[in-house]
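Read through the structure below, which is laid out as structure tokens, and then see the notes.
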Ligand code: HMG
């Protein structure tokens, strides 16, 4: 039985900051941002947009051609949850009008938890092939103003339907994973901004990649050369270059610049424009690779490396299905990116500093473009959403 991705879409904020604008405001050389970090722009969420509205928009797109009554489980993966208790996926379940006979849970492990969702869903479908799972990965990456991480922010969500009738990619059963207790990036409950030991986080990412690959290869005997493309978790797009050179090196492969570009470049295009979307970042890279690769990828094997600080890494493989292009949302995604409104630096700063009510008073949100769903009010400490 084939199990894998039947439907796949992303949504991102309707507002965007050109990182050259940020570099200018910060007195940083724009070349560092564009070439050193590899980022062009970042999506910035306006007041009234949170991980729930981002995920509902992505879910709405991914479910367009799916019988919603077949969804038996919703897994909501996020690092930027809105509640310590209630799963964000329950709001989305309601906004998307899914049937009540459905499990909904929230998953957490930094940027890795969406992968846990995908691989757990695959195992559940093995037992119950008639059931489908909706996986939502939604995040707002937020670092301190003027910190080194600020240029690696972003906002967006991925929605994916996993089933025994995959149309885009099958997910192979074996993987290699690695866990180590480290403090490379974390966010205590009382903080809105992540704390990070940036250079250390890059080194730990590469270590988790080595260990995950070694276990994967030991278990499957599948080699580097058997993959046509490589997608990585992308906190910033140059991370893929560092990761891929590292993977080639540990496999004793002398990678040419052409091979490097072929293996990873199509997968970097959307992330360069959106920024880090944490849990969804790897899958944004997968969408970017599938939608921007001029070659037909049918029957090709793709390596997927997921990393979540703290840390857990996992490397697994997918095989692209013939006819996959008919199931992509390329035009919708292109127009989403092209129609974003560009922010000035003061507008970015206002969005960043917008304060949500924390004292139980009623706060009505100002009206901004947040797609088909918005957070309209916070009242008595409750978030109230509406469909537009
Ligand atoms: P930094 O101190 O701003 O930058 O930190 P740098 O000094 O290391 O420079 C970056 C690159 O730009 C270097 O190139 C410089 O040479 C180059 P490299 O050595 O890497 O090849 N550079 C220039 N290039 C052209 N023209 C110039 C110029 N100047 C310098 N004028 C860092 C960068 C990524 C560490 C920082 O932005 C940061 O802390 N980001 C947040 C943490 C992060 O993204 N970590 C990645 C791994 S951890 C992860 O992926 C998990 C995560 O997604 C969270 C989760 O799991 O939930 C973050």
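Quick note: the coordinates plus some simple rules give every number you see, no bench work behind them. Everything quoted here is computed from the prediction, not taken from an experiment. Virtual Cβ from ideal backbone geometry, glycine too; neighbours counted across all protein chains shown.
Quickly run through segment 1-15 and pick out the residues that are out of contact with any helix residue (DSSP H, G or I) (no Cβ under 6 Å at 6 or more places or on another chain), buried (at least 23 other Cβ atoms within 10 Å of the Cβ) and within 23 Å of residue 150 (Cβ to Cβ).
Scanning segment 1-15 gives a single hit, 13.
Could you check, for segment 173-182, whether at least one of its residues is part of a strand (DSSP E or B), touching a residue at least 24 places away in the same chain (Cβ under 8 Å), in contact with a strand residue (DSSP E or B) (Cβ under 6 Å, 6 or more places away or on another chain) and away from the ligand (no atom under 15 Å from the Cβ)?
yes
Among the listed residues 140, 66, 135, 105, identify the single one that is surrounded by fewer than 23 Cβ atoms within 10 Å (Cβ to Cβ) and not in a loop (DSSP other than H, G, I, E, B).
The conditions single out 105.
Return yes or no: is residue 235 in a loop (DSSP other than H, G, I, E, B) and buried (at least 16 other Cβ atoms within 10 Å of the Cβ)?
Judged against the criteria, residue 235 is a match.
Given the condition within 14 Å of the ligand (Cβ to nearest atom) and either buried (at least 16 other Cβ atoms within 10 Å of the Cβ) or in a helix (DSSP H, G or I) (or both), answer yes or no: does some residue in segment 218-231 qualify?
Yes, segment 218-231 contains a residue that is within 14 Å of the ligand (Cβ to nearest atom) and either buried (at least 16 other Cβ atoms within 10 Å of the Cβ) or in a helix (DSSP H, G or I) (or both).
Yes or no: residue 248 surrounded by fewer than 20 Cβ atoms within 10 Å (Cβ to Cβ) and more than 22 Å from the chain's Cα centre (by Cα)?
It is true that residue 248 is surrounded by fewer than 20 Cβ atoms within 10 Å (Cβ to Cβ) and more than 22 Å from the chain's Cα centre (by Cα).
Being under 22 Å from the mean Cα position of the chain (by Cα), on the phi > 0 side of the Ramachandran plot, part of a helix (DSSP H, G or I) and within 16 Å of the ligand (Cβ to nearest atom), is that true of even one residue in segment 296-318?
Among the residues of segment 296-318, not one is under 22 Å from the mean Cα position of the chain (by Cα), on the phi > 0 side of the Ramachandran plot, part of a helix (DSSP H, G or I) and within 16 Å of the ligand (Cβ to nearest atom), which makes the answer no.
Filter segment 257-295 for residues that are surrounded by fewer than 24 Cβ atoms within 10 Å (Cβ to Cβ) and in a loop (DSSP other than H, G, I, E, B) and give the result.
Within segment 257-295, 293, 294, 295 qualify.
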